[in-house]
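The values are calculated or read from the model by the stated rules, or taken from the named source; none is laboratory data. Treat the numbers as computed from the prediction; the structure is a model and nothing was measured. In this analysis, Cβ positions are derived from the backbone assuming ideal geometry, glycine residues included, and neighbour counts consider all displayed protein chains. Accessible surface is based on the protein model in full, side chains and every heavy atom, while ligands, DNA and RNA are left aside. Shrake-Rupley method; radii C 1.70, N 1.55, O 1.52, S 1.80 Å.
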Amino acid sequence: MIDALLLTFIFLVAGIVSVPIASRLGLGSVLGYLLAGIIISPILTILEVDLASVQNFGELGVVLMLFLVGLELEPKKLWAMKTRLLGLGGGQVILTALFIMGVSTLLDQSWRISLAVGLILSLSSTAIVLQTLGEKGLMRSDGGQSSFSVLLAQDIIVIPMLAFIPLLATPELISAVNHTVSQTYAHGGDWNLLEGLSAWQVTLVTIGAVITVILGGNYLSSPVFRFIASAQLRELFTATALMFVIGTTLLMSVVGLSPALGTFLAGVVLANSPYRHELESDIAPFKGLLLGLFFMTVGAGINFSLLADHFLKIIAITLGVILLKLVTLLVIGVLFKIRGVD
């Protein structure tokens, strides 16, 4: 009990001190949380904290954020974004992956490794970008909506990408991964309903999970919330809202889909619900706290010894990827005639 309270106190103090300072300096809350994680990293090491477990818990903040974003989008509005999803999002992933693959090939990497690296580096952090756009009030601007389209497309594309990338692995890597997976399940690893299923069975289970989320949101949410509202207990309504989100996250996880994408879909389904505003007000505080925890664990998990050993190489690669993405997005932005901030 004392260990849990001490750990909670450390994270709270780090966030409360670092974020206001970072905000006053114009750095934003995300960088503030990252710096807070870096500062408390030695303390967490001394206390032998299982950082991976804390980060897994903090990832619920990302899930809740995507759920709240989904609540802002009615299905008709989402369908109206299909051109940007396919054009902006798909174009950004494909062009960035090809550019990085080309550069990696020139650096004497095999085409398999180059393509895998290109696909991975074509993705961006939905949590960081959406949090930054929200703080700066840019979500409703043309550029903000375009950025969201790119991020959403990436979250969708990552599903087939996860199925495709293992095909690029070398025999040695496949053997190592299979050994690791077998060891994980031997010691009681994460549940996976897809284990041992054939391709068509995996497809049916995946489709069934998505249909369950849609039907549950359309036909079960309102009766459940009406029943809970009859008790006139605000905390019970909050618990029910969290139950829906965490239940969707659990369902998506056990069938191998993206939890963030699943909860976003659940949010879209509930966008027309009469309880939408109550859901937003109840979940928003948890989203903010858990998202802050997630960013702090990311900062605390930075490997500074690796950074010091390869500092120039890491900086050069980072700047190179940023430049490639910048050029790609500028080209796509011009083609789609995206306006700047008015």
Could you go through the range 50-63 and let me know if any residue there is assigned to a helix (DSSP H, G or I) and under 17 Å from Leu133 (Cβ atoms).
yes
For the range 220-242, does any single residue satisfy the condition of being of a type in the set (Val, Ile, Thr) and touching a residue at least 60 places away in the same chain (Cβ under 8 Å)?
no
Could you pull out the residue among Leu88, Leu115 that is in a helix (DSSP H, G or I), under 15 Å from Ile156 (Cβ atoms) and touching a helix residue (DSSP H, G or I) at 6+ places or on another chain (Cβ under 6 Å)?
Leu88
Return the pair list, or none, for Cβ contacts closer than 8 Å from residues in the range 42-65 that are over 14 Å from Leu293 (Cα atoms) to residues that are among the charged types (D, E, K, R) and part of a helix (DSSP H, G or I), at least 6 apart or on different chains.
Leu47/Asp3
Report, by residue number, each residue of the range 312-330 that is of a type in the set (A, V, I, L, M) and surrounded by 11 or more Cβ atoms within 10 Å (Cβ to Cβ).
Ile314, Ile315, Ala316, Ile317, Val321, Leu323, Leu324, Val327, Leu329, Leu330
Residues in the range 237-244: is at least one more than 22 Å from Asn56 (Cα to Cα) and not hydroxyl-bearing (Ser, Thr, Tyr)?
yes
Got at least one residue in the range 317-339 being out of contact with any Pro (no Cβ under 6 Å at 6 or more places or on another chain), modelled with pLDDT under 85 and among the small types (Gly, Ala, Ser)?
yes
Have a look at Leu12, Leu68 and point out the one that is within 30 Å of Thr238 (Cβ to Cβ) and touching a Lys or Arg at 6+ places or on another chain (Cβ under 8 Å).
Leu68
Filter result (open to solvent by less than 50 Å² (accessible area, probe 1.4 Å), farther than 20 Å from Val19 by Cα and of a type in the set (S, T, N, Q)) within the range 128-157:
Ser141, Ser146, Ser147, Ser149, Gln154
Which numbered condition Gly333 fails, given (1) under 23 Å from the mean Cα position of the chain (by Cα); (2) under 30 Å from Ala80 (Cβ atoms); (3) open to solvent by less than 50 Å² (accessible area, probe 1.4 Å):
(1)
Which ranges mark the helices (runs of 4 or more DSSP H) fully within the range 221-279 that have 3 or more residues being open to solvent by less than 40 Å² (accessible area, probe 1.4 Å) and under 25 Å from Ala153 (Cα atoms)?
234-254, 259-269
Given (1) among the small types (Gly, Ala, Ser); (2) open to solvent by 20 Å² or more (accessible area, probe 1.4 Å); (3) within 17 Å of Ile128 (Cα to Cα), identify the lone condition not met by Ser29.
(2)
Could you grab me the full set of residues in the range 35-58 that are within 11 Å of Met296 (Cα to Cα) and either touching a Ser or Thr at 6+ places or on another chain (Cβ under 8 Å) or open to solvent by 40 Å² or more (accessible area, probe 1.4 Å) (or both)?
Leu35, Ala36, Gly37, Ile38, Ile39, Leu51, Val54, Gln55, Gly58
Identify the residue in the range 296-311 that is of a type in the set (A, V, I, L, M) and touching a residue at least 60 places away in the same chain (Cβ under 8 Å) and, among all such residues, is surrounded by the most Cβ atoms within 10 Å (Cβ to Cβ).
Met296
Please go through the range 118-127 and give me each residue that is part of a helix (DSSP H, G or I), crowded, with 17+ Cβ neighbours inside 10 Å and modelled with pLDDT of 85 or more, ordered by number.
Gly118, Leu119, Leu121
Can you name the residue in the range 8-26 that is of a type outside the set (Gly, Ala, Ser) and open to solvent by less than 40 Å² (accessible area, probe 1.4 Å) and is also nearest to Gly137 (Cα to Cα) among such residues?
Val19
